[in-house]
1. A:Lys87 - would you say it is modelled with pLDDT of 95 or more, open to solvent by 20 Å² or more (accessible area, probe 1.4 Å) and either within 16 Å of ligand 1 (Cβ to nearest atom) or in contact with a Leu (Cβ under 9 Å, 6 or more places away or on another chain) (or both)?
2. Can you report the number of residues in the range A:104-149 which are within 30 Å of B:Glu167 (Cβ to Cβ) and open to solvent by 10 Å² or more (accessible area, probe 1.4 Å)?
3. Which residue is farthest from the other protein chains (Cβ to nearest Cβ), if the candidates are limited to the range A:32-42 and must be surrounded by fewer than 16 Cβ atoms within 10 Å (Cβ to Cβ) and within 13 Å of ligand 2 (Cβ to nearest atom)?
4. Name every residue in the range B:24-34 that is surrounded by fewer than 16 Cβ atoms within 10 Å (Cβ to Cβ), more than 12 Å from B:Tyr3 (Cβ to Cβ) and modelled with pLDDT of 90 or more, in order of residue number.
5. Within the range B:89-100, how many residues are more than 7 Å from every other protein chain (Cβ to nearest Cβ) and either crowded, with 22+ Cβ neighbours inside 10 Å or farther than 16 Å from A:Pro145 by Cβ (or both)?
6. Inspect all residues belonging to the range A:33-45 and state whether any of them is near ligand 1 (Cβ under 10 Å from one of its atoms) and assigned to a helix (DSSP H, G or I).
7. Of the residues that sit in the range A:1-12 and are closer than 27 Å to A:Asn164 by Cβ and open to solvent by 90 Å² or more (accessible area, probe 1.4 Å), which one is nearest to ligand 1 (Cβ to nearest atom)?
8. In the list A:Asp15, A:Asp28, which residue meets the criterion of being touching a helix residue (DSSP H, G or I) at 6+ places or on another chain (Cβ under 7 Å), open to solvent by 80 Å² or more (accessible area, probe 1.4 Å) and within 13 Å of ligand 2 (Cβ to nearest atom)?
Amino acid sequence: MKRIAVRNLRLCTKDCLCLYVCPNGATDTENSIIDTGKCIGCGVCADACPSGAISMVPVEYPPQQKKEDEVVAAMNRVVESKAREEKIARTIAENTDKPGLRKLMKAIERSARLSAEDVIREAGFMLPQSGNSMNLLSNLVENSPGKGFPSDAASKLLSSLKCNDGGFIGASTGKRKYRCLLCQAVFEVEEGEEPVCPMCGAKGKDLEIIG
Amino acid sequence: MRYICQVCGYVYDEEAEGVLFSDLPQSWTCPMCKAPLSMFAPVETEEKATIQEEPVSFDGDMQKLSAGALAALFSNLARGSEKQYMEKEAGLFRKIADYFTLVSANENPDSSELLSISNGNIEKGYPDAKAVAAKHGDRGALRACTWGEKVERIVKAVVEKYLSEGEDFLADTEVWVCSICGFVYVGNEPPAICPVCKVPDWKFERIV
Ligand code: SF4
Ligand code: SF4
């Protein structure tokens, strides 16, 4: 799996080994951020760093475990309820002049949002670049939910995110979609090209055409 | 007899403590997470309660998410982008989340309504969701709902405490929220580790 190095600026002491070991000069940058264009993902810097400041992060993510409809529905119910809680707490915080109550309600507003985020992630919205997330964005661009919706933000996301699981039904392309029966990866190849699973290398009858 | 804190799992053992649970003063709180007496349950009944009931069936048809739920969905994707060091995407997702936060449906600013939602989540919302997750062997969903349920108990506890003690409860003290699971803690310093999700104290946000 292709990886690149990312430096945690909170841990980095900016003065040591990674600068010497990088074969491509990707670590020695004026803004301290490792140059993603130069990094070839060898991982030498991460091994050399005495501060544990460099992690090798994947460039592409595997498709997530598929969520059962019943699980999605159950998670959505919890999220709806937490959303109401958040809104009540926020409204109380905005309307009260009691400092203690305001603080408590702001804490509950924050808490409810965090719980809702955690649960909606388990309803199939783990990755920003998943087909689920991208289809939702494209739906919102096509059917605006109302005045003031930042359609430009959604469009920018649609062009900068690269779908990781083949689930995004974007504009039609001259491509065919396959699912690997061995590792479940979903991927596309140009029509006429021989399909090979990018995750595990499977070919032929281990692949199933799905689109 | 042993009693277990349903927020953090701390066990109060009457024999070891030498004081009957029923003799503890009403003001006693869990030494780990400060949950009140009422959050403790006798250990046997706790074991009985973990026997899975038949999950309620939801129809597979996904209902449309409300603006408030979409706000959480998109702020979650903003956090997901941050984790992948995609700052630009995180900002764009946050913009969409802010829009949905702003247009989310009005609710009555009423703390008893808040309590009744919280009670509903503890008694039915989370247990039902956990049963569905367990039925499908979905560990992630089960984990999220287990944390959520514990956090819900502490939310209920602090709201009830405020309703009975008023501003005195929060005079000269800070309120903290665990930025990972949403655990709420009242005290001058955050706990060394979060009693629900076990992250270290620097993951706590001080509410101002
Ligand atoms: S992973 Fe290799 S190429 Fe990339 S920054 Fe580190 S040493 Fe340089
Ligand atoms: S080796 Fe680690 S601590 Fe030293 S400059 Fe590189 S990233 Fe920073």
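1. Working: modelled with pLDDT of 95 or more: yes; open to solvent by 20 Å² or more (accessible area, probe 1.4 Å): yes; either within 16 Å of ligand 1 (Cβ to nearest atom) or in contact with a Leu (Cβ under 9 Å, 6 or more places away or on another chain) (or both): no.
So A:Lys87 does not fit the description; no.
2. Our first condition is that a residue be within 30 Å of B:Glu167 (Cβ to Cβ); within the range A:104-149, this holds for A:104-116.
Pick out the ones that are also open to solvent by 10 Å² or more (accessible area, probe 1.4 Å) and you get A:106, A:109-110, A:113.
Of the residues in that region, 4 qualify.
3. In this case the residue turns out to be A:Ser32.
4. The one that is surrounded by fewer than 16 Cβ atoms within 10 Å (Cβ to Cβ), more than 12 Å from B:Tyr3 (Cβ to Cβ) and modelled with pLDDT of 90 or more: B:Pro25.
5. At the first step, the residues of the range B:89-100 found to be more than 7 Å from every other protein chain (Cβ to nearest Cβ) are B:90-91, B:94, B:97-98, B:100.
Those still in the list that are either crowded, with 22+ Cβ neighbours inside 10 Å or farther than 16 Å from A:Pro145 by Cβ (or both) too: B:90-91, B:94, B:97, B:100.
Going through the range B:89-100 one residue at a time, the tally reaches 5.
6. From the range A:33-45, those near ligand 1 (Cβ under 10 Å from one of its atoms) are A:34-36, A:38-45; that's our starting set.
Among the residues that remain, those that are also assigned to a helix (DSSP H, G or I) are: A:44-45.
Scanning the range A:33-45, I find at least one residue that is near ligand 1 (Cβ under 10 Å from one of its atoms) and assigned to a helix (DSSP H, G or I), so the answer is yes.
7. First, the residues of the range A:1-12 that are closer than 27 Å to A:Asn164 by Cβ: A:1-9.
Subset that is open to solvent by 90 Å² or more (accessible area, probe 1.4 Å): A:1-3.
Values: A:Met1: 14, A:Lys2: 11, A:Arg3: 8 Å.
Step by step, filter the range A:1-12, then rank; the result is A:Arg3.
8. Numbers: A:Asp15 fails: touching a helix residue (DSSP H, G or I) at 6+ places or on another chain (Cβ under 7 Å).
Exactly one of A:Asp15, A:Asp28 is touching a helix residue (DSSP H, G or I) at 6+ places or on another chain (Cβ under 7 Å), open to solvent by 80 Å² or more (accessible area, probe 1.4 Å) and within 13 Å of ligand 2 (Cβ to nearest atom), namely A:Asp28.
The values are calculated or read from the model by the stated rules, or taken from the named source; none is laboratory data. Quick caveat: nothing in here was measured; it's all calculated off a predicted structure. In this analysis, Cβ positions are derived from the backbone assuming ideal geometry, glycine residues included, and neighbour counts consider all displayed protein chains. Accessible surface areas use protein heavy atoms only, side chains included; no ligands, DNA or RNA. Shrake-Rupley method; radii C 1.70, N 1.55, O 1.52, S 1.80 Å.
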